Amino acid sequence: MSARAQSTMQAADRTGGAIIVAVSKRHDAARIEPALAAGARVFGENRVQEAASKWPALRLRYPDIELHLVGALQTNKAKDAVALFDVIQTVDRAKLARAIAAEAERQNRAPRVFVQVNTGEEPQKSGVLPAGADALIAEVRELRLELAGLMCLPPAGDDPAPHFEMLRDMAARHDLPALSMGMSGDFETAIAHGATHIRVGEAIFGPRPPQ
Ligand SMILES: *Cc1c(COP(=O)(O)O)cnc(C)c1O
């Protein structure tokens, strides 16, 4: 077995099979390199422009990278996001879903998407409110976007478990296979609640440089 396959299997063991999305936001290419050298291929970024400045060059050397957008997306950046990202985890309104679908068609790309749910109903946070999730999920499906599942980011300081449960139940009702939940501080809880994707930044790369 190759060293890479072995390290991937060991990582999968520790995460109960969940995919680790290594969140490399605010880290430069030099900081990301060691993770690539160690075999990581799934990465997350929260800003389109920052990601566009780092990843095209890295991709020339590691063509099998899978890039996830985990930060809020403005409609006017849908074009750049569709060009760069394989997965957009932050679809939270119909207008954005339509912009992504239009760009996907124009660019002949097929990004997988997650609907982000604002499970804590925090006014400052992105994500569709739980009451609006059913309608948005239906809309995304009508647009023929490849809907993988749901994503959430529980309020800081809350017990994340009830939020993970809400997301899991919602995904089950809609027959959606993927659940992106859990970060450095709570990924074990997320895995216990069925996470298929955990988004881990600090636990992999250490503290982030200031913005
Ligand atoms: C930054 C970020 C993460 C990673 O957070 P850590 O606490 O560093 O693991 C996960 N998800 C989203 C949406 C983020 O913005």
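The values are calculated or read from the model by the stated rules, or taken from the named source; none is laboratory data. Predicted model, so just to flag it, every value in this text is computed and none were measured. Because the Cβ atoms are built from the backbone with ideal geometry, glycine has one as well, and the counts that use them run over all protein chains shown.
Points worth noting:
- Scanning the stretch 187-198 for residues that are outside any loop (DSSP other than H, G, I, E, B) and β-branched (V, I, T), we see that the one that is surrounded by the most Cβ atoms within 10 Å (Cβ to Cβ) is I198.
- Only a single criterion out of (1) more than 14 Å from the ligand (Cβ to nearest atom); (2) buried (at least 21 other Cβ atoms within 10 Å of the Cβ) is not satisfied by C152, namely (1).
- Residue in the stretch 154-181 that is nearest to D134 (Cα to Cα), counting only those that are outside any helix (DSSP H, G or I) and free of Cβ contacts under 8 Å to residues at least 24 places away in the same chain: D175
- Within the stretch 125-138, the presence of a residue that is closer than 27 Å to A40 by Cβ, of a type in the set (S, T, Y), away from the ligand (no atom under 13 Å from the Cβ) and in contact (Cβ under 8 Å) with a residue 12 or more places away in the chain is excluded.
- Residue within the stretch 158-170 that is near the ligand (Cβ under 8 Å from one of its atoms), more than 12 Å from the chain's Cα centre (by Cα), at negative phi and surrounded by 14 or more Cβ atoms within 10 Å (Cβ to Cβ) present: no
- Check on G201, within 16 Å of the ligand (Cβ to nearest atom), surrounded by fewer than 23 Cβ atoms within 10 Å (Cβ to Cβ) and at pLDDT below 95: no
- Breaking point among (1) more than 16 Å from the ligand (Cβ to nearest atom); (2) at negative phi; (3) out of contact with any helix residue (DSSP H, G or I) (no Cβ under 9 Å at 6 or more places or on another chain), for D175: (2)
- Filtered residue count, the stretch 100-122, keeping only those that are assigned to a helix (DSSP H, G or I) and either surrounded by fewer than 22 Cβ atoms within 10 Å (Cβ to Cβ) or modelled with pLDDT under 95 (or both): 7
- The single condition among (1) assigned to a loop (DSSP other than H, G, I, E, B); (2) more than 10 Å from the ligand (Cβ to nearest atom) that S184 does not satisfy is (2).
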